[in-house]
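Enquirer: One structure, as structure tokens, below. Some questions next.
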Amino acid sequence: MFRKRYRQQIPELNTTSTADISFMLLIFFLVTSSMDTDKGLLRQMAPPPVEQQQPQDINKDAVLKVELDGHDQLTCDGEPVSQKQLADAIMTMASVNRTGHVVSVHADRETSYEAYFQLQNTIVNAYQTLREQYAQEHYGKSYARCDLDERSLINDYYPQRISEVPIQEGGNP
């Protein structure tokens, strides 16, 4: 007479594919996300001195003195200039005296990084413009499409001659 009452069992959740799904989501987010890369200035350092080298005499007329003061004011040979005017002055100097010119850069300690980076970018872009023009005139293609030998010849024709003036403790060069 008495019947046994069976409790209804609650069905369990099937979790066998949970690990697969979470693994696929992890891979998806790793593949689709972008990683920030550090930005910097590509410069080739001078080799360490093997022996005592004699200082070279440079014609002062072939030196383009670029200064960036603590208020981010840009001057070229003592006159205030814009970034475009600086690029034009560098291209003119490098065109006239290809291998004998020097761009002397002096930045104050109080200069902002953005202004300094913009100055360096202007200098590099001026040389890149000259190299691009040379590649178009002599090879009929852009500098980026030139092979390594052609790029080497172009770089030797328009070398980047940049001198950083070291800052001493007092803040003066």
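Enquirer: Between SER142 and ASP69, what is the spin-label point distance in nm, taking each point 7 Å from the Cα along the Cα→C-beta axis?
Expert: The two pseudo-label positions are separated by 4.0 nm.
Enquirer: Oh, and also: Around ASP149, what is the net charge, scoring Lys/Arg as +1 and Asp/Glu as -1 over all other residues with Cβ under 15 Å from its Cβ?
Expert: Numbers: positive: ARG131, LYS141, ARG145, ARG151; negative: ASP147, GLU150, ASP156.
Here the charged neighbours net out to +1.
Enquirer: Moving on. Based on the alpha carbons, how large is the Rg to Rh ratio for region 57-117 when Rh follows Kirkwood?
Expert: My calculation puts Rg/Rh at 0.99.
Enquirer: Additional query: Determine the sum of side-chain charges near GLN85: Lys and Arg each +1, Asp and Glu each -1, restricted to other residues whose C-beta is under 15 angstrom from that of GLN85.
Expert: So the environment of GLN85 carries a net charge of -2.
Enquirer: Continuing with this model, one more query. Just for the Cα atoms in region 49-162, what are the lengths along the principal axes, largest first, rounded to whole Å?
Expert: Rounded to whole Å, the extents work out to 43, 38, 25 Å.
Enquirer: Sticking with this one: Reported to two decimal places, what Rg/Rh ratio describes region 122-163 when computed on Cα atoms with Rh from the Kirkwood expression?
Expert: Values: Rg = 9.9 Å, Rh = 10.3 Å.
Across region 122-163, the Cα-based Rg/Rh ratio is 0.96.
Enquirer: Then there is this: Please enumerate, by chain and number, the aspartates and glutamates with C-alpha under 16 Å from the C-alpha of LYS141, excluding those fewer than 8 residues away in the same chain.
Expert: GLU132, ASP149, GLU150
Enquirer: Roughly what would the spin-label model give for MET24 and GLN8, points 7 Å off Cα along C-beta, in nm?
Expert: For the pair MET24/GLN8, the computed spacing is 3.2 nm.
Enquirer: Which value, in Å² rounded to 10, gives the accessible area of VAL31 with a 1.4 Å probe and all protein chains present?
Expert: 110 Å²
Enquirer: So what's the net charge close to ARG131: Lys and Arg +1, Asp and Glu -1, counting the other residues with Cβ under 13 Å from its Cβ? The partial results should precede the final answer.
Expert: Numbers: positive: ARG98, LYS141, ARG145, ARG151; negative: GLU132, GLU137, GLU150, ASP156.
Around ARG131, the charge tally is 0.
The values are calculated or read from the model by the stated rules, or taken from the named source; none is laboratory data. The model shown is predicted, which means the values in this text are computed figures rather than measured ones. FYI the Cβ positions are ideal-geometry reconstructions off the backbone, even for glycines, and counts take in every protein chain you see. These area figures cover heavy atoms from the full protein model, side chains too; ligands, DNA and RNA do not enter into them. Shrake-Rupley method; radii C 1.70, N 1.55, O 1.52, S 1.80 Å.
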